[in-house]
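Step one of this worksheet: look at the structure below.
The values are calculated or read from the model by the stated rules, or taken from the named source; none is laboratory data. From a predicted model like this one, the values you see are computed outputs, not experimental measurements. Counting neighbours? That spans all protein chains shown, and the Cβs are built from the backbone with ideal geometry, glycine included.
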Amino acid sequence: MAKFDTVRALQRRGIPRDLAEKIADATIGRGETKRGLRIDDLKKMTLRQLLSRFSNRDILYILDKIGNKKIDREVVLEGAREEDKTQVGPISADVVLRRVERKLGIIWSLPEGYTIEGMVERVASKGELLVGVAFPINAKQFRYPFNGYIYLKNRGICYQSVISEVLSFDRPDIPEEVELVMPDREEEPYVSFLRVSEVIELPRMMHLEEYHKMDGTSVRSARNYTQIEDHLDLERERIRFAEEREVATKMFISLGVSEKAAVNLYKRGLFISTHVADVSDALLRECGVPASKLEKFRNGAVKYSKDKKDEKVVSVVDVSKATEVHGEKKISSYRKSARRESKGLPNHYINEIIRNSEEQRLPKKEIVAMVSSYEKLVKKEEEVQASLNEIGMEMNQSILRRVAEMAIDRNVKGKDLSEIVMRCVKQSDRTQIDATEAVGVLAAQSIGEPGTQMTMRTFHYAGVAEMNVTLGLPRLIEIVDARRLPKTPIMEVFLSPKYATKKDVAMKLAGKIESRAVPHIADIHTDITNLRIIVKPKEKLMKEFDLSIDVIAARMKKNGRLKCKMELETDSIILQEEDVSFKKLYVLEDKIRNLKVAGIPEISRAIVKKEGKEYKLFTEGSNLKRILQFEEVDGARTTTNSIHEIAEVLGIEAARNSIIYELEETLGGQGLQVDVRHLMLVSEVMTMEGMVRAIGRHGISGRKTSVLARAAFEITSAHLLGAGLTGECDELGGVAENIIVGQPISLGTGAISVTYNTTKKGGKK
């Protein structure tokens, strides 16, 4: 189990599975202290210790994905180059296995509505992403996973994606795993979906001509998708790119441009002098080539190419055959073996077995054992279903499976199983509601009635000195109105287990995030004689907050949008208005005193509190995105009371859960108990459109289809006038509109129509 956890932890950090397994199998220590290798061990080990267990290329992976401050990367890089010289070709068979290079890949253009930044962020947060495309893709022709190169309009190919599956439909459809689709694309049906497990930025822009189709011809267009002979693997080609970049930048610098401009030219796909003749002046200027040097730069590039000084760095080597021999057959064997052994089982269980076998790379023996356990589960499910048939009842499939699993674990049979099934059905029935039940009215009543009994205390001290927190009815109104900014935004910041018990780390973090104005870290002097202001930073405080005089000056200028003259001296900053006057001088001084130059501007205060053995922070103000960037912070537990901020940073599902939590805390803090299902209904209504909407005229209530229901809520005349002008029709299907017109509501007994048939015995009326 420990080995499995280690492998999963390494994979989450970007380590390939086979290398992760290799690390998990490695050991450290001797005798009784001997144990498996952990991530913390990798960070602390010396180069000698790592070389005794792994190759230089493996160590490069470890340095890039995990880190180790003790080891010089350049030394390892040189060692990797030496390893390459001793191999057959540029890459060994085991490296081919690990890098999983595919013979068949695709170039695909980014669909409309998607952004590459959004894709990268989504893959990082969810682990994978389903990208919908409007064109059909033959999923059977690929061996998974394969590389897809993303073509960006007007930019070229700048990103590589790893595609682990292609989902194809006969007609536009939405996949079952809708949570893996971009939030704004969840309701868009597509013909095909690409399951993207990784998106990596290429070191430079690649040209279409650098890729070849399966027939050997160069790629000319990237419309929809184009099949290519995949020759590029990012990790393997990193050294080639580094050498290519070095040669290209040296060449461009020799032609008279700066180093920065040379690097930008390379990133835009210009790596030999002949490329310069084909690009526009606008692109060259955008890369940093001065307008005055454009002609000279082009002429120099032409002369450079005529002198045949262009260097071909490292040729791309085709190792597709090696991959096919060593990698493809092994990877596909798990799927084949699982499908063969699980014949006869229900399809959903077969798919589950295949997925587990492929993910865990299980041998045949373990696959057979897994299939055997699923066969027992299916038999037990049949027994449960037979018990249900006897009593004439039905049960949800997920509940049925859970009952069967527990029956196997506890060896429940016969009458005992029938009794348990009967009780489960009764309990399930108790939690269900009728089809015509007014759930919205019940939820409103269950929250509204105790809400009127709430105490009107707006603020209290929540166990933390001088921390104001909005509670009671005002806070309840804030939540259901979906206020963008709470009246008292607060955060509860937890430290990661590594730092949770260290008070000095908590205090230091509080100092980092708490916003500091200029007077906190510097002395401000007003020079009346020369009509100027002198800001003199305190050296001790600058060291504490890791600031320099240059950084303070830059932040003053940026945050205060200062248009005055600014001069830097050895230990002070001098500010002076262009139009000198006493009034402007004092206005400027007042402005400088309020400028935030350290910490997070939104967080006015950070207080450290000890709970049990660990320390945590409470903040006045909220900025979840910035807080989660700190290494010391435990992102899984850190919370904020700003629901909109949670939606922006963590997604709409997290916002939904936050609404439930905040409602429970607000009501529970006043000693009021409301069934969580009513709170869940409110949260789902507020977030069902992929964004947080208020329950008011500007949100849910204002978007009702019924004219009378909208008019009954607020601004009656405006709704009725608008409906009259547009000829809107009201079907009278809800509660409010039927009460208004005085007819039975289509709920409960009102949902049933009773008629009397007057037919006589003889069949005559």
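Odds and ends about this structure:
- Of the helices (runs of 4 or more DSSP H) lying entirely inside the range 69-152, those containing at least 1 residues that are modelled with pLDDT of 75 or more are 73-86, 116-126.
- Here Leu617 meets each of (1) buried (at least 21 other Cβ atoms within 10 Å of the Cβ); (2) over 27 Å from the mean Cα position of the chain (by Cα) with one exception, condition (2).
- Hits in the range 389-437 (condition: among the acidic types (Asp, Glu) and either within 30 Å of Gly750 (Cα to Cα) or more than 42 Å from the chain's Cα centre (by Cα) (or both)): Glu390, Glu394, Asp416, Glu419, Asp429, Asp434, Glu437
- Matching entry among Ser372, Ser387 (being small (Gly, Ala, Ser), at pLDDT 85 or above, loosely packed, with under 12 Cβ neighbours inside 10 Å and in a helix (DSSP H, G or I)): Ser372
- Scan of the range 308-361 for residues that are surrounded by 15 or more Cβ atoms within 10 Å (Cβ to Cβ), of a type in the set (Gly, Ala, Ser) and at pLDDT 75 or above, ordered by number: Ser337, Ala338, Ser342, Ser357
- Of all residues in the range 490-518 being touching a Leu at 6+ places or on another chain (Cβ under 8 Å) and small (Gly, Ala, Ser), the one that is modelled with the highest pLDDT: Ala506
- Condition met for Lys591 (touching a strand residue (DSSP E or B) at 6+ places or on another chain (Cβ under 8 Å), buried (at least 17 other Cβ atoms within 10 Å of the Cβ) and among the basic types (Lys, Arg)): no
- Boolean, Ile659 is part of a helix (DSSP H, G or I), surrounded by 15 or more Cβ atoms within 10 Å (Cβ to Cβ) and not small (Gly, Ala, Ser): yes
- Selection of first residues in the range 677-695 that are surrounded by 17 or more Cβ atoms within 10 Å (Cβ to Cβ) and of second residues that are among the basic types (Lys, Arg) and assigned to a helix (DSSP H, G or I), restricted to Cβ pairs under 9 Å at least 6 apart or on distinct chains, gives the following pairs, ordered by first then second residue: Ser683/Arg656; Met686/Arg656; Thr687/Arg656; Val692/Arg656; Arg693/Arg703.
- Just one of the listed residues (Ala751, Ala711) is of a type in the set (A, V, I, L, M, F, W, C) and modelled with pLDDT under 75, namely Ala751.
- Number of residues in the range 596-616 that are touching a strand residue (DSSP E or B) at 6+ places or on another chain (Cβ under 7 Å) and outside any strand (DSSP E or B) equals 3.
- Test result for Arg220, part of a loop (DSSP other than H, G, I, E, B) and over 20 Å from Phe146 (Cβ atoms): yes
- The range 41-63, residues that are within 15 Å of Ala26 (Cα to Cα), in a helix (DSSP H, G or I) and polar (S, T, N, Q): Gln49
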